[in-house]
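Below is one structure, written out as structure tokens, with a few remarks after it.
The values are calculated or read from the model by the stated rules, or taken from the named source; none is laboratory data. None of the values given here were measured: they were computed from a predicted structure. Here the Cβ positions follow ideal geometry from the backbone for every residue, glycine too, while neighbour counts run over all protein chains shown. Note: areas computed on protein heavy atoms with side chains; ligands, DNA, RNA excluded. Shrake-Rupley method; radii C 1.70, N 1.55, O 1.52, S 1.80 Å.
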Amino acid sequence: MRILKISLLVFILSITISAQEGWFWQNPLPTGNPLEQVFFVTQNIGWTVGTNGTIMKTTNGGVNWNFQLSGTNSALNSVYFINQDTGWIAGDYGIILKTTNGGIYWTFQTSGTNIFLRSIYFLDQNIGWAVGGDNTILKTTDGGILWMPQVGGINNYLEAVYFVDQNNGWIVGISGTILKTTNGGSNWIAQTSGTNKWLHGVYFQDQNTGWVVGFGGTILKTTNSGISWATKTSGTTSNLYSAQFINEYTGWVVGALGTILATIDGGETWSVQISNTQLRLLSVYFTDQNTGWAVGIGGIILSTLNGGTSWALQTNAINTDFYAIHFVNQNNGWVATGNGRIIKTTDGGTTWLSQTTGTGYGLHSVYFINQNIGWAVGFYGKIIKTTDGGTTWSTQTSGIIYELYSVYFVDQNNGWVVGSYNTILKTTNGGTNWFPQSSGGNYELLSVHFVDFNNGWAVGYDATNGIIIKTTNAGVNWLSQMSGTEHILRSVYFTSQSIGWAVGTYGTILKTENSGTNWILQSGGMTQWFHSVHFIDQNTGWVSGDGGTILNTTDGGTNWLTQYSGTSYQLFSIHFSDLNTGWVTGSYGTILKTINGGIPVELFSFIATINVQEVILNWSTA
């Protein structure tokens, strides 16, 4: 176990227009979506783009990032500007966007393809190229009014394009592909890379000198326009995604596990720079030998003012999953995380503070009965309790070493925990003592919910079926109910002794109106895995799941409507304090909030101002 000193970030948010998305980010900020590329035209003015239509602009070097309206929810993979006003973005489904006013407005261009585009590059306001899947190469000579296909060979996945003038350019891609043109793309000729690795990034200083980076720590260099490519020792086996040089000697490469490499001898040798993150970095950009940025997974944005000697977070990206969230009112809530931390808010999620739990094991579930008293459970039979809102947490003895997935209390004394290997534990004294109950089968139990002292349900799976069990005597006896599904059930919620729902894998939503005697399949219209269900009355509820899925019903589940979450991450837990106010948590530290029940309204502008404050945490890492 290592004790790490880490820097957390405290964020102050200002909304320039009151209207905002139905679901908006509370963590990480300004976004948690993967950022695919970053591009700056000056030391102050730059853009970054990413999944779910994310476009953000800064005019002060990244101190503030402003969301810009892209008009799409699709992934945006590449951005290129020729000056402060004119730029283009390429993305999935053949998307090409253009702006002539610095991104105030983005307009769609007709690419002529619905294939994903991975990279875009312009020489001037007229001439540019875009490349992507299925060997797609497109060229424009009129600023994108018309895009014409070019033929580049037989490879089916092209990752990056770079030109040094109107004639000479290179493309890299899957299986060691390097293509070159000397006539603006009228002809593309394959070059011998000497590798079959996936190549992701290309950068040329002039017609002769260039670099390519890719999977497995691959760095290639040419000094003769690519007639020959020499492999350079990177010192890492991490996948590398992006390279940039400011002259023939000085450059940087970024990649998986927070990798940042720097060279001052043209790439003959590379030194490791400390990024202070394990998140995958997908793009790097420097405006001079000192000033640079890197972006990647989890919405991470790093910046440096000294050539990478030190890198600072411009976001509060956290490399852990947020498994569960619970609020006792609109202001006070807690999140259980994958590294054993509990984070708490007392202002509805505007600020989140880390709490010391005394464990480095992941916590799957958290439940509070009031602002002071709560429990969390997780790996290796861990049960922890607080009586002061989480200021201090104490370990309770579960008597087992299996994973615990869910905890629920009906008052400060009586509660249940469920988990692996048939585990059901009950306490009648607030957790001072926990004793086992029999599930009546060989089950993995993932969720438990009680409506009163006696009546409760737990769901999960066995070797062949989705499992639902019920008790009417506080768990003295648990009886199996017919779920009617083979799919794993991951969450259960009841609004009364009669009416309840269970959700699970492959889009499974079940409802009962007779305490579980019969369960009826409802249709959410998709096959995503659902992880959590929460209702505030017998009509209004939400489901969250994989792919950023959030569903809502206002008629008890007869109809489920998809809500736009703004992310494609797994969403593990959803909780509402009233009809309008709710939160959802997920992978990569995701916390989203809604103040209008999740109904989307137009977002005009959103600014995240970042103040950095160092906090010392005891964080156990593998």
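Would you check which residues across region 550-575 are open to solvent by less than 10 Å² (accessible area, probe 1.4 Å) and free of Cβ contacts under 8 Å to residues at least 60 places away in the same chain and list them?
Listed by number, the residues that qualify are 551, 553, 556, 557, 571.
Scan region 347-369 and give yes if some residue there is open to solvent by 20 Å² or more (accessible area, probe 1.4 Å), out of contact with any Gly (no Cβ under 6 Å at 6 or more places or on another chain), outside any strand (DSSP E or B) and closer than 27 Å to residue 452 by Cα, otherwise no.
yes
This table checks each residue for (1) in contact (Cβ under 8 Å) with a residue 24 or more places away in the chain; (2) assigned to a strand (DSSP E or B); (3) not polar (S, T, N, Q).
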position: 114; (1), (2), (3): no, no, no
position: 119; (1), (2), (3): yes, yes, no
position: 130; (1), (2), (3): yes, yes, yes
position: 145; (1), (2), (3): yes, no, yes
position: 154; (1), (2), (3): no, no, yes
position: 161; (1), (2), (3): yes, yes, yes
position: 175; (1), (2), (3): no, no, no
position: 180; (1), (2), (3): yes, yes, yes
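Restricting attention to region 93-114, report how many residues are more than 28 Å from the chain's Cα centre (by Cα) and either more than 25 Å from residue 66 (Cβ to Cβ) or open to solvent by 100 Å² or more (accessible area, probe 1.4 Å) (or both).
Of the residues in that region, 3 qualify.
Among the residues of region 216-230, count how many are out of contact with any strand residue (DSSP E or B) (no Cβ under 6 Å at 6 or more places or on another chain) and part of a strand (DSSP E or B).
We begin by selecting, within region 216-230, every residue out of contact with any strand residue (DSSP E or B) (no Cβ under 6 Å at 6 or more places or on another chain); these are 216-218, 223-225, 227-228.
In the following step, the residues that additionally are part of a strand (DSSP E or B) were identified as 218.
Within region 216-230, residues that are out of contact with any strand residue (DSSP E or B) (no Cβ under 6 Å at 6 or more places or on another chain) and part of a strand (DSSP E or B) number 1.
I need the full set of residues from region 252-290 which are open to solvent by 40 Å² or more (accessible area, probe 1.4 Å) and farther than 19 Å from residue 48 by Cα, in order please.
Matches in region 252-290: 257, 264, 265, 268, 269, 271, 272, 274, 276, 278, 289, 290.
Out of the residues in region 19-47 meeting the condition of being within 16 Å of residue 304 (Cα to Cα) and not hydrophobic (A, V, I, L, M, F, W, C), tell me which one is surrounded by the fewest Cβ atoms within 10 Å (Cβ to Cβ).
The selected residue is 42.
For region 408-425, does any single residue satisfy the condition of being under 30 Å from residue 33 (Cα atoms), of a type outside the set (A, V, I, L, M, F, W, C), crowded, with 18+ Cβ neighbours inside 10 Å and at pLDDT 95 or above? Break it down into steps so the answer makes sense when it comes.
We begin by selecting, within region 408-425, every residue under 30 Å from residue 33 (Cα atoms); these are none.
Within region 408-425, none of the residues are under 30 Å from residue 33 (Cα atoms), of a type outside the set (A, V, I, L, M, F, W, C), crowded, with 18+ Cβ neighbours inside 10 Å and at pLDDT 95 or above.
Among residues belonging to region 468-482 that are without any contact (Cβ under 8 Å) to a residue 60 or more places away in the chain and open to solvent by less than 10 Å² (accessible area, probe 1.4 Å), point out the one that is nearest to residue 544 (Cα to Cα). I'd like the intermediate steps shown before the answer.
Kept after step one, since they are without any contact (Cβ under 8 Å) to a residue 60 or more places away in the chain, are these residues of region 468-482: 468-473, 475-482.
When the remaining residues are screened for being open to solvent by less than 10 Å² (accessible area, probe 1.4 Å), the result is 468-469, 471, 475.
Working: 468: 20, 469: 22, 471: 26, 475: 28 Å.
Checking each candidate, the answer is 468.
On the basis of being under 23 Å from the mean Cα position of the chain (by Cα), open to solvent by 10 Å² or more (accessible area, probe 1.4 Å), without any contact (Cβ under 8 Å) to a residue 60 or more places away in the chain and more than 12 Å from residue 295 (Cβ to Cβ), does residue 80 make the cut? Show your work before the answer.
On the way: under 23 Å from the mean Cα position of the chain (by Cα): no; open to solvent by 10 Å² or more (accessible area, probe 1.4 Å): yes; without any contact (Cβ under 8 Å) to a residue 60 or more places away in the chain: yes; more than 12 Å from residue 295 (Cβ to Cβ): yes.
In short, no.
Name the single residue, out of those in region 180-216 being open to solvent by 10 Å² or more (accessible area, probe 1.4 Å) and among the aliphatic types (A, V, I, L, M), that is farthest from the chain's Cα centre (by Cα).
The residue in question is 189.
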